[in-house]
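Q: Sharing a structure here in structure tokens format.
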Amino acid sequence: MIKTLLIANRGEIALRIVRAARELGIRSIVAHSSADAETLAVQLADDAIEIGPPQASKSYLNAEALIDAARQYQVDAIHPGYGFLSENADFADAVHRAGIIFVGPSGDIIRRMGDKAAARRTAKAAGVPVVPGSEGEVPSVEQACRLAEEIGYPIMIKASAGGGGRGIRIAGNREALMKQMPTAQTEARAAFGHGGVYLERFIPQARHIEVQILGDGEHVVHLFERECSLQRRRQKLIEESPSPALDEATRAELCESAVTLARHIGYSGAGTLEYLFDEHRREFFFIEMNTRIQVEHPVTEQITGIDLIREMLLIADGKPLSLQQSHIHRSGAAIELRLNAEDPDQDFRPSLGTIETLRWPSGPGIRIESGLYPGYRIPPFYDAMLAKLVIWDQDRPAALARARRALDELILEGVTTTASLHVRLLADPHVRDGNVHNQFLEQWLEHYQQEVSA
């Protein structure tokens, strides 16, 4: 049984795991950098260990230091959270070799689904629709040009080992493809250590919808979908469930396809399958799988009442999945607003400082995911997300109204955040009606910046 757990992450997800572990009677150890010694996760964990300096490459990405810490505390398992080493197959393998449980799928599954080209082939083999594209990595510009003529322009050039929206270029014609592909390969090599790319047809104004699944290696269930179309530079800003674009028949088909693929690979743990949805043609296409917990997992928890982190720990502990699909029901609507330490009026310039005043909104249906507290100084070494406001109500209009009320109550002084942007977005009639797509926010921001500059 898992009695002691090392948490190899930081911020709100580390805190989230600490809380889930405590409820299960599991002792939690937070591995942290020197910059994170005063975080709330460190304060609330049963113990903590410093694993390196502020730079992630020397701390949260230092697999050897993390495994040494795990051995020092004789932990039974390591939970990687999201980001950092959560989808690193070599790390998962090293954890297993050390005789420690990795809370997530095996290294082999991470490799198979983490390589975007291999994931496409796997999806096709399982009978799950994929966006028309190359069968695997495209080694040369000449071959890419030949394939693009067959697939049709515009074309996306995507890093095989990519993630987080990085390593992607769009080419509208042959000349653009010849120019963009070497750039994409160079960027992929720099970001992921592997320069392989593949091609996909670009679907303009598609919606980005993902399906949450849980599996124990044999049994797989879905926990419905999340709409994630409001993105800036392919980084999500607002997520919600259910998607306003889906009818019940399409929703059932989409979610069942995710279960089919996860079952096909014998998936174990929490995972998310991401799709593009062509609303005009009513077609969906699998694009990739995230073999970890997602930032937006609270949205799913709010509409299903299921604790995903708890389920991950139970599955990792060798317990069979207790959930049956017929027992999982969707209730109401949930929306997640990401609060980032960025100034939306200054082209999202990072905002650093100390939290001076903090008043979170409260009341029915409001959940705060954050490790902030007055006096906390935001370190400059990590991503900009400070908190997630997760709002639930009986239906989407009520949830939107509650979200606006929550933003009105929020007081966060000392740094500039994206809260003001959320206020304006929730007032937009297209957002209120759910009439958005994955390019909507960037187009909206162009007009927003023009207004700010005027």
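Q: Take the Cα of D68, step 7 Å along the line toward its Cβ, and report every residue of the stretch 33-59 whose backbone nitrogen sits under 12 Å from that point.
A: 50-53, 59
Q: Could I ask something else about it? Label-point separation (nm) for T183 and H219, each offset 7 Å from Cα along Cα-to-Cβ?
A: 5.0
Q: Sticking with this one: Taking amide H atoms as placed 1.01 Å from N in the peptide plane, list the residues 5 or more away in sequence, or in a different chain, whose amide H sits under 5 Å from that of D343.
A: Under 5 Å from the amide H of D343: F348, R349, S351.
Q: Which whole-number value in Å³ per residue fits the convex hull of the alpha carbons of the stretch 162-221?
A: Values: hull volume 7.8 nm³, N = 60.
It comes to 129 Å³ per residue, whole-number rounded.
Q: How do M113, M1, M178 line up, fewest other C-beta atoms within 10 Å first?
A: Details: M113 25, M1 10, M178 14.
Ranked by crowding around the Cβ, least crowded first: M1, M178, M113.
Q: Something else about it: Calculate, in whole percent, how much of the Cα-Cα pair population of the stretch 207-453 lies beyond 25 Å.
A: 45
Q: Could you give the length gained on full extension between R432 and R405, defined as 0.36 nm per residue of separation minus the Cα-Cα distance, in nm? Don't skip to the answer; put the middle values down first.
A: Numbers: separation 27, 0.36 × 27 = 9.72 nm, distance 1.45 nm.
The R432-R405 span can extend by a further 8.3 nm.
Q: Please compute the length gained on full extension between E451 and Y373, using 0.36 nm multiplied by the number of residues separating them and subtracting their Cα-Cα distance.
A: Values: separation 78, 0.36 × 78 = 28.08 nm, distance 3.32 nm.
Result: 24.8 nm gained on full extension.
Q: Treat each spin label as a single point 7 Å out from the Cα along the C-beta direction, and report the E356 to R281 distance in nm.
A: 5.4
Q: Go through the stretch 200-215 residue by residue and turn each phi into a ³J(HN,Hα) via Karplus (6.51, -1.76, 1.60, θ = phi - 60°); whole Hz please, and just put x for glycine and proline.
A: Each residue's phi maps through the Karplus curve to give 9, 5, 8, 9, x, 6, 7, 9, 9, 10, 10, 10, 8, 10, 10, x Hz.
Q: How big is the shadow of the Cα convex hull of the stretch 132-201, averaged over all directions, in nm²?
A: Working: hull surface 15.3 nm².
The directionally averaged projection comes out at 3.8 nm².
Q: With just the Cα atoms defining each centre, how far is the stretch 292-360 from the stretch 199-224? Give it in Å.
A: Centre-to-centre distance over Cα atoms comes out at 17 Å.
Q: At 7 Å along the Cα-to-beta-carbon direction for both A118 and D47, put a label point, then send me their distance in nm to one decimal.
A: About 3.6 nm separates the two model spin labels.
Q: Here's a follow-up. What is the gain in length, in nm to one decimal, between E248 and E150 on full extension, counting 0.36 nm per residue of separation less the C-alpha to C-alpha distance?
A: Numbers: separation 98, 0.36 × 98 = 35.28 nm, distance 3.40 nm.
Gain on stretching E248 to E150: 31.9 nm.
Q: Continuing with the same structure: Please state, as a whole number in µm²/s, the translational diffusion coefficient that the Stokes-Einstein equation yields for the stretch 1-70 at 10 °C and 1.306 mPa s, with Rh defined as the Kirkwood radius across alpha carbon pairs. Write down the numbers at each step before the final one.
A: On the way: Rh = 11.8 Å.
After rounding, the answer is 135 µm²/s.
Q: Quick one: which residues, 5+ away or cross-chain, put their amide H under 5 Å from the amide H of R232? H built at 1.01 Å from N.
A: Under 5 Å from the amide H of R232 lie the amide H atoms of L237, each far enough along the sequence or on another chain.
Q: Explain nothing, just compute: Karplus ³J(HN,Hα) = 6.51 cos²θ - 1.76 cosθ + 1.60, θ = phi - 60°, for every residue of the stretch 312-326 in order, whole Hz, x for Gly and Pro.
A: Here the 3J(HN,Hα) series is 4, 5, 5, 5, 4, 6, x, 7, x, 4, 7, 7, 10, 4, 5 Hz.
Q: I've got another one for you. Which percent of Cα pairs goes in each bin when the distances of the stretch 129-269 are cut into 5 angstrom slices starting at zero?
A: Distribution as computed: 2, 10, 15, 16, 17, 18, 13, 8, 2, 0 percent.
Taken together, the values in this text are just the output of simple stated rules run on the coordinates, not laboratory data. Everything numeric in this text was worked out from a predicted model, so none of it was measured. For neighbour counting, all protein chains shown are included, and Cβ atoms are generated from backbone atoms with ideal geometry for every residue, glycine included.
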